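Each value in this text was obtained by applying a stated rule to the coordinates, not by laboratory testing. Please read all numbers here as calculations on a predicted model, not as lab measurements. Cβ placement follows ideal geometry from the backbone for every residue including glycine, while neighbour counts extend to all protein chains displayed.
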Amino acid sequence: MILVGQYDSPYVRRVAVSLRGGQFLTVTNLTNMFVRSISLGLVSIGQTLVILGGSLDLSVAYMISVAAVVSSVVMQGQPDRMLLGIGAALALGLVVGLVNGLITTRLKVNSSIATIGTARVRRGLLNTSLEKS
C-alpha cells in the first residue's frame, strides 16, 4: 500500500498499520522506540554543539561503535562494572575529541577531513580488534 501526497503522514501510516492487523501502538513497541531513540538523541545533541561551533564531525558512527566495543570489553558482561564501562567510553570520547581538535587547530586541517581521517583509523582499529576475537 503506497500512500502519496497529502495523505502520506505518520497518522495515516499508523491507521494503515492498525487496519492491516499490526500492533503499532502497543506499550512494548512504544517503549522499544523510546529506548532506541535515546542514543540517537544524545548523539544529536553533541553533533548540534559541534555544528553551532562552525564545524562538522563525520566520525560519529565509528565513535559510537568503538565506544560500545571498549565499554563492553571493560565491562566483560558484568553489570556491576557498568560505571567503569561508561567511564572508559567517556575517556575514549575525550581522547578522540582532543585528537580531532588538535588536528584541526594545530595542524590547520579542515575539520571534515580530520574527522574522516580519524574515523578511518578507528574503523581499522575496530576491524582488527573484532577479527582477533
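A value for Cα Rg over 2.2 N^0.38 Å was derived from the coordinates, and within the list [x] 2.37; [y] 1.13; [z] 1.42 it appears as [z].
Each helix, a run of at least 4 DSSP H residues, gives -39500 (n - 2.57); summed and divided by the residues of the chain, these come to -25500 deg cm²/dmol at 222 nm. In this structure, the amide hydrogen of L58, modeled 1.01 Å from its nitrogen in the peptide plane, lies closer than 5 angstrom to those of T115, I116, counting only residues at least 5 positions away or on a different chain.
Among T118, T128, the ranking by other beta carbons within 10 Å of each residue's beta carbon, starting with the fewest, stands as T128, T118.
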